[in-house]
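For reference, the structure is listed below as structure tokens.
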């Protein structure tokens with residue numbers, strides 16, 4: 001030990017304040033001492049071990065969810081009653097670590113990785129699902145500016161339960177699923193999140209708090225530096241969420257339901273509003289195997305009038321009618337069929353713009369049209 | 001240097017060399033995320049299913065035989081059926097392809113299947129299978145502890161990366177503890193096997209409290225042990241095994257992303 005002969009004071013100075021009671025630490029191996037960390041060692045161990053436990057229990061919860069689904073006979077939805085049990089661990093960790101900001105997200109990510117590496121059947125997606133649950137809890141707590149009130153924690157857990165349904169809907173299902181069905185599943189998940197994921201861990205935590213099991217841990221107060229950073233992050237997130245909300249409202253207002261974008265190979269691309277053009281009334285019958293409708297009168301704007309206003313660049317062209325996202329269903333017609341033909345009109349039916357293609361099969365009666373694109377390919 | 005020390009030193013060198021030859025786990029992880037994103041962007045069913053089948057064949061021949069992976073396939077099939085049912089029932093656009101229940105005498109036909117519904121069903125099932133199969137390949141070819149270590153090498157604070165190692169290291173320990181608790185319950189006549197509703201309910205109800213108590217005790221021991229060893233005192237931590245990020249790894253990742261982009265465009 002070449003440094004063993006040095007005095008503790010000298011060592012302490014040379015290594016940036018390393019403890020003087022460890023005289024064998026070589027200054028050349030130590031760069032500098034770490035500042036007071038945000039997460040204490042006990043916080044990290046709590047997050048790690050309970051995330052691990054959460055990962056193990058998720059497998060059992062999966063079994064129970066599958067059993068419930070098979071019992072109810074619906075493959076989708078029954079299991080959502082237990083969605084809150086996945087959130088249980090995140091909230092429990094949050095309470096154990098003195099309600100620190102960032103704990104639930106960290107625990108969510110870690111739990112996701114544990115489940116991923118232990119071979120969860122959802123694969124990579126389990127990281128996304130688990131992380132998003134943690135993130136939602138964080139965001140709700142930030143928005144409510146309170147991490148102390150148990151009722152807010154329970155509501156946050158409810159939203160985390162809901163996020164599971166929303167993410168699966170975004171990833172594997174499309175907008176065709178009836179809204180009422182989705183809303184029902186969403187409400188089940190929210191209630192499950194709030195009770196099993198929120199109120200249940202809170203009650204268990206208070207049970208354990210009375211016992212001596214948690215007495216050994218003396219939480220330190222957060223340093224002013226971290227408190228300032230958390231405040232800044234909190235304000236930034238609120239500003240971002242507000243901006244996103246305003247942008248979404250502005251987008252929805254601009255993308256008016258009763259308008260269609262006329263684009264493509266035209267000299268005059270424009271936004272079509274049904275009220276800007278003269279209307280005609282035609283009689284048409286919707287032929288369909290599933291939802292046939294008897295002949296009735298429809299009032300709207302002829303398609304050829306809309307296209308003439310856009311001034312197509314070519315004499316013959318294709319007309320591609322696309323539904324709004326996320327459906328993106330489309331139908332195509334040849335200009336020779338549509339030109340001067342009043343049997344094709346765009347009509348406002350039940351508040352949605354729809355193509356009335358008289359004498360055509362129901363599958364051509366595209367509804368909720370978002371764009372009409374004039375293409376060079378005519379067929 | 002004595003013979004024993006020399007041999008062990010050589011063994012360590014061989015292990016280090018082997019690990020340095022393997023692709024960096026974080027790069028591998030980014031690669032599977034890129035492939036997963038590709039699955040969510042692609043609408044060409046042929047390309048999608050070709051890639052899935054290639055990965056499945058690789059997985060079953062190189063990694064695990066079918067019997068071992070059977071429970072995974074069971075879940076995959078059930079969830080896929082769910083996606084198919086929902087898509088076929090919900091999407092009513094496009095041409096009518098066929099009726100699920102044909103006309104029998106004067107009854108039916110029922111459940112029409114439309115072109116768009118069929119397309120969505122195959123597309124979403126493909127997405128799901130794609131993400132899952134690529135995840136299997138990653139898990140079977142990656143040591144999770146190497147993954148945690150390589151995060152530290154990529155300047156992720158080692159306190160956070162160590163949490164992942166800790167969580168993974170204690171997963172079998174906690175799993176074993178749950179088994180011990182369940183065995184103890186079963187010797188007293190409590191059904192806690194997760195093959196019935198009651199059994200799973202019992203498992204959750206009667207195992208939760210003992211395992212939380214035991215884990216809290218364990219947390220205390222580990223924390224005191226770590227703090228006793230001054231864990232987290234310094235910025236750097238000397239790893240047992242280096243997982244450096246090599247230029248070849250970055251090139252491989254770049255080539256993969258380029259390839260996926262080309263597949264998307266053409």
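We did not get these values from a lab; they are worked out from the coordinates using the rules stated. Nothing here was measured: the structure is a model prediction, and the numbers come from that model. No Cβ is skipped: glycine too gets one built from the backbone with ideal geometry, and neighbour counts run over all protein chains shown.
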Efficiency of FRET from Cβ geometry, residue A:148 and residue B:115, R₀ 56 Å, rounded to 0.05: 0.55
Difference of contour (0.36 nm per residue) and Cα-Cα distance, residue B:218 to residue B:241: 5.6 nm
Region A:259-375: relative contact order in percent, alpha carbon pairs under 8 Å with at least 6 residues between: 33 percent
Residues B:58, A:317 arranged by fewest to most Cβ contacts within 10 Å: B:58, A:317
Pair residue B:44, residue B:141: separation of 7 Å Cα→Cβ label points (nm): 2.2 nm
Pair residue B:258, residue B:37: separation of 7 Å Cα→Cβ label points (nm): 1.7 nm
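Which of B:224, A:243 comes first, and how do the rest follow, when ranked by fewest Cβ neighbours within 10 Å? Could the numbers behind the result be given before it?
Details: B:224 14, A:243 10.
Result, fewest neighbours first: A:243, B:224.
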Alpha-carbon centroids, region A:157-217 and region B:93-167: separation in whole Å: 22 Å
Calculated FRET efficiency for the pair residue A:203/residue A:309, C-beta based, R₀ 60 Å, to 0.05: 0.35
Stretchable slack from residue A:245 to residue A:342, in nm (0.36 nm times residue separation minus alpha-carbon distance): 30.7 nm
Test item: B:222-234 mean partner chain Cβ contacts at 10 Å: 5
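When a/c is below 1.5 the answer is rounded, else prolate if a/b is larger than b/c, else oblate, so apply that to region B:99-240 with a ≥ b ≥ c taken from the square roots of the Cα gyration tensor eigenvalues.
Working: a/c = 4.31, a/b = 1.58, b/c = 2.73.
Verdict is oblate for region B:99-240.
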Residue B:186-residue A:59 FRET efficiency (beta carbon distance; Förster radius 22 Å; 0.05 resolution): 0.75
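What's the exposure ranking of B:79, A:316, going from fewest to most Cβ atoms within 10 Å?
Values: B:79 21, A:316 13.
Neighbour counts put them in this order, fewest first: A:316, B:79.
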